[in-house]
Amino acid sequence: MNIATNPGSGDFAARFALTKEQLLARRNAKWSQYAPDVIPAFVADMDFAIAPEIQAAIRTPVEAEDYGYPMRDGQKADRAVAAAFSRRMARLYDWQVDPDLTLVLADLVQATFAAVMAFSEPGNGVIVQEPNYPPFRAAVADCGRHFVPMPMAMTDEGYRFDLAELEARMTPDVRILILCNPQNPTGRVFSRAELEALLAFAETHDLVVISDEIHSDLIFDGRQHLPFGALGLRAMARCVTLNSATKSFNIPGLRTAVMSFGSADLKDRFECRFPSRVIGSVNTLGIDATVAAWDLGDDWLSGLLDHLQAMRDHMAARIRAEMPAIRFRAPESTYLCWLDCNDLGIEGSAFDFFHDEARIAFSPGENFRPDAAKMVRLNFATSKEILDEVLDRMVAALRRNAR
Ligand SMILES: Cc1ncc(COP(=O)(O)O)c(C=O)c1O
């Protein structure tokens, strides 16, 4: 089961979309990194007020000045996050996750780096889909492993990977597959058949699968997310699932995520390299916010999905009608769209062109794939007014450039 959508209701934006003035007054990276006349459409942060249930959960300890070492239900408070993750996986996907095999830590990038270090040695190979969320490439390079690309190629059916091609790149020292499901930046939601094929491949090469599922709540068109671990015991034996409430509920500043091991053996191997004291523990507000998001946030999330799907469709229709030379696939998930600007005839990088000529900050394509400087990633998690301003500025800049 996924969270239901009812596109076009419009209520969510009326209640939660923030204005440019409100956004500029915030102190987040999205609205502070560039000059005030630049519209930011880069980092995966959304321009909406958060769910009232989360705000209420945060307010309770703040008003009580309750900032001691946190306990919940007679246990260390991070156990409440692990339990809430298990409840949510059981409710949404009928997938049983043992809370005792789930570590709670600050963020998914930390978990990815730690997993790369725990399950491989310097010099080993790590498979990463390409284009990819930039810290995955950094996790491989910074930890002294070598990068084995798994291209996501644009086909008539959308972005697809090719395991025969990957097989040809394999060397015996490859130990890990970093899977991003749903995939950032292509927005693909992988089918059961694709995930089964990846599992068989991982078994053939004895790989640990690090499955980053941070975008798993953000699924459109009635599609279903399938956690890699939910494929069954064979998958669980070799996978570590990473997730958090931070993308779908817009609380990345609260720094709380989960790293859930599919087996006790994987957790033991990890803890031999990283005793729990190295990983540390997370803060009271992040704990209460995450539990509230996962247990109580479905109504807000359902409204968000209606709005995001409507924005995705609006953006796609306008690009097709007014900027037909931009090639793209409407994402099946995430609020990010990967735009191919190779046919626009712009000089230099697509990021620089739109930054300088349209005063928009997209994510530069080359961060996701080194040869993709003519591509950008657009974040459409905003109001229709701001999204239209982004699209209007793009159209105007391209018209000026064509003269
Ligand atoms: C695929 C993916 N993983 C991880 C993250 C970041 O997660 P965190 O802030 O928990 O490191 C993002 C953020 O956009 C992402 O897209």
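The values are calculated or read from the model by the stated rules, or taken from the named source; none is laboratory data. Small disclaimer: the values here were computed from a predicted structure and weren't measured. Glycine gets a Cβ as well: all are built from the backbone with ideal geometry, and neighbour counts include every protein chain shown. Note: areas computed on protein heavy atoms with side chains; ligands, DNA, RNA excluded. Shrake-Rupley method; radii C 1.70, N 1.55, O 1.52, S 1.80 Å.
Between the DSSP loop rule and a limit of at most 15 other Cβ atoms within 10 Å, which GluC sites (Glu not before Pro) in the stretch 295-403 are left?
Numbers: sites: E322, E332, E347, E357, E366, E385, E389; in loops: E332, E347.
Passing both the DSSP loop test and the Cβ count: E347.
Straight-line cross-link partners of K374 among the lysines, defined as a Cα under 29 Å from its Cα and at least 8 positions apart when in the same chain: K20, K30, K247, K384.
What's the FRET efficiency of E347 with Y69 using the Cβ-Cβ distance as r and R₀ = 41 Å, to the nearest 0.05? Calculated value: 0.15.
Contour minus end-to-end for E203 and D11, with contour as 0.36 nm per residue of separation and end-to-end as the Cα-Cα distance?
Details: separation 192, 0.36 × 192 = 69.12 nm, distance 4.67 nm.
My answer for the length gained is 64.5 nm.
Think of it as helices only: each DSSP H run of n ≥ 4 in the chain is worth -39500 (n - 2.57), and spread over all residues that comes to -12000 deg cm²/dmol at 222 nm.
How much length is gained on full extension from R320 to R91, taking 0.36 nm per residue of separation minus their Cα-Cα distance? List each step's numbers first, then the result.
Details: separation 229, 0.36 × 229 = 82.44 nm, distance 3.81 nm.
Here the answer is 78.6 nm.
When you filter the GluC sites (Glu not before Pro) in the stretch 170-241 for DSSP loop state and at most 15 other Cβ atoms inside 10 Å of their Cβ, nothing is left. If you filter the stretch 22-131 for GluC sites (Glu not before Pro), then keep DSSP loop positions with at most 14 other Cβ within 10 Å, what is left? Here the GluC sites (Glu not before Pro) that fit, given the DSSP loop and packing criteria, are E65.
Using every pair of distinct Cα positions in the stretch 76-163, the Kirkwood expression returns a hydrodynamic radius of 15.4 angstrom.
Applying 1/(1 + (r/R0)^6) with R0 = 56 Å to the Cβ-Cβ distance of S32 and R234, what FRET efficiency is obtained, to the nearest 0.05? Before the final figure, lay out the partial values.
Details: r = 46 Å, r/R0 = 0.82.
So the FRET efficiency works out to roughly 0.75.
Leaving out ligands, DNA and RNA, and with a 1.4 Å probe, what % of the accessible surface on the stretch 262-403 is carbon or sulfur?
Working: 2670 of 5710 Å².
The value for the stretch 262-403 is 47 percent carbon and sulfur by accessible area.
In the elastic network of the chain, a GNM with C-alpha springs shorter than 10 Å, the most mobile of A289, A168, A29 is A168. Note on the chain: GNM, Cα springs under 10 Å; of I127, I326, I360, the largest mean-square fluctuation is that of I326. Counting every alpha-carbon pair across the stretch 176-320, the share separated by more than 28 Å comes to 28%. Running Debye on the chain with equal point scatterers at the Cα sites and no solvent, what base-10 log of I(q)/I(0) appears at q = 0.10 Å⁻¹? Treating every Cα as an identical point scatterer, log10 I(q)/I(0) equals -0.67.
Please work out the average accessible area per residue across the chain, using the 1.4 Å probe convention, and give it in Å².
Numbers: 16410 Å² over 403 residues.
About 41 Å² of surface per residue is accessible.
Taken as Cα centroids, the stretch 324-403 and the stretch 276-299 sit 34 Å apart, rounded to the nearest whole angstrom. For the stretch 54-296, the antiparallel share of DSSP beta bridges with both residues in that region comes to about 40%.
When both the stretch 123-153 and the stretch 171-235 are represented by their alpha-carbon centers, they are found 15 Å apart.
Placing a pseudo-label 7 Å from each Cα along the Cα-to-Cβ vector at R273 and A141 gives an inter-label distance of 2.0 nm.
Of M46, M375, M71, the residue with the greatest mean-square motion in the GNM of the chain, using alpha carbon springs below 10 Å, is M71.
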